[in-house]
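Inspection log for the structure reproduced underneath, given as structure tokens.
What follows draws every value from the coordinates through simple rules; no lab data is involved. Remember, predicted model here, so these are calculated numbers, not experimental data. Note: ideal-geometry Cβ built from the backbone for every residue, glycine included; neighbour counts use all protein chains shown.
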Amino acid sequence: MDFAEGYDPLELASRVERLVAVEEGGVVKRWYWRFRGGRWYGGIATGDLVGCCLRCGFCWAWRYAWSTRGRYLLSPEEAGSRLVSIARSRRYRQVRLSGGEPTIAPNHFLEVARYCLSRGLHFVLETNGVLLGARYDLARRVAELRGVGGGIEVRVSIKGCSPREFRVLTGAREDAWLLQLEALRNLLKLGLEPCEEVYPAIMLSFCDRESEESVVERLRDIDEALARCIDPEYVFLYPHVIELMRRRGLRPRTAYRPSEIPDNLI
Ligand code: SF4
């Protein structure tokens, strides 16, 4: 990983895809490290994937997101059925893929989404947006899920408030930050409703007032509504996150102990 020069997350995504996804008989399987229910989004079934195209220095899932093997290698149907089963047993209406980046090996996550949507569940796509910003064809395939079953919601998690902060936080080249904004632009262009079907989340822990204001301004330039539905993200100080930040020399301005996470961040 070239942190000194700034790695290319698109190139990393291609390399990771070859390691975390396996095609067998036309079906794309992907490695997972766990399935769980949880209180986020008011109750949601979650499949945690292995594999990401960024290396954020505050990542809570880094031990798994950056590895190439999980516990289970599953087809979309197998992963979808686990999510549906958790959701039904706990009376959740929503499912998501998390942990790693779902848009790597897109044929897998799109099929998982269709499986869950067609059973009446709402699908939350949590993404860093890099691939959706770079590939309009992929954004189009996500947008095509709109009319299916329980409906989709795309949460584009923007890493830092500027290209420079992105570079410091992720170690990736600065210009890839713009791809995250481009993901929002692409999905809006394809007809997703701002705030209801697509919205930005921003890692604000390392931003100063000026950089925070500038990213809000950039979001307004894409669509006025986006600035009104920013989902703030902050670092949660789990021991393995503190250790990672120490190694990467990152010091958050705002962060929360796991026992003190405010209700509005859950
Ligand atoms: S994009 Fe998410 S999963 Fe990937 S490194 Fe960053 S925080 Fe971790």
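Here segment 84-208 has an Rg and Dmax of 14.9, 45 Å, counting Cα atoms alone.
Sorting Leu190, Leu12 from the fewest to the most surrounding beta carbons within 10 angstrom yields Leu190, Leu12. Label sites at Asp175 and Glu213, each approximated as a point 7 angstrom past Cα along Cα to Cβ, lie 2.9 nm apart.
If you run the Gaussian network model on the chain, springs between alpha carbon atoms under 10 Å, then out of Pro163, Pro252, Pro76 the most flexible one is Pro252. For segment 88-144, a simple Cβ point-charge model (Lys and Arg +1, Asp and Glu -1, everything else neutral) yields a dipole of about 420 debye relative to the Cα centre. Positive-end ranking of Thr254, Ala61, Pro102 along the dipole of the chain, with charges on Cβ about the Cα centre, is headed by Ala61.
What dipole magnitude, in Debye to the nearest 20, does segment 9-265 give about its Cα centre under +1 on Lys/Arg Cβ and -1 on Asp/Glu Cβ?
Numbers: 40 positive and 33 negative charges, 210 e Å.
Here the size comes out at about 1000 debye.
As a test of understanding, state the convex hull volume per residue of segment 126-266 from its alpha carbons, in Å³.
Values: hull volume 16.8 nm³, N = 141.
Enclosed volume per residue, from the Cα hull, is 119 Å³.
With the alpha-carbon atoms of segment 1-87 aligned to their principal axes, the span from lowest to highest coordinate is 45, 36, 18 Å, starting with the largest. Which residue, chosen from Val154, Ser211, Tyr92, occupies the Cα position most advanced towards the positive end of the dipole of segment 9-265, where the dipole is computed from +1 (Lys, Arg) and -1 (Asp, Glu) charges on Cβ about the Cα centre? Result: Tyr92, furthest along the dipole toward the positive end. Note on the chain: Kirkwood radius taken over Cα pairs, Stokes-Einstein applied at 37 °C and 0.692 mPa s, translational D equal to 177 µm² s⁻¹.
Taking other C-beta atoms within 10 Å as the exposure proxy, His108, His240 rank His240, His108 from fewest upward.
Kindly rank 209-217, 166-174, 24-32, 134-142 from highest to lowest mean number of other beta carbons found within 10 Å of each residue.
Numbers: 209-217: 13.8, 166-174: 21.6, 24-32: 16.3, 134-142: 18.2.
Going by the mean number of other Cβ atoms within 10 Å, highest first, we get 166-174, 134-142, 24-32, 209-217.
Cysteines in the chain that lack a partner Cβ within the 4.7 Å cut-off: Cys52, Cys53, Cys116. Spin-label model, Tyr238 to Ser118: label points 7 Å out along the Cα-to-beta-carbon direction sit 3.3 nm apart.
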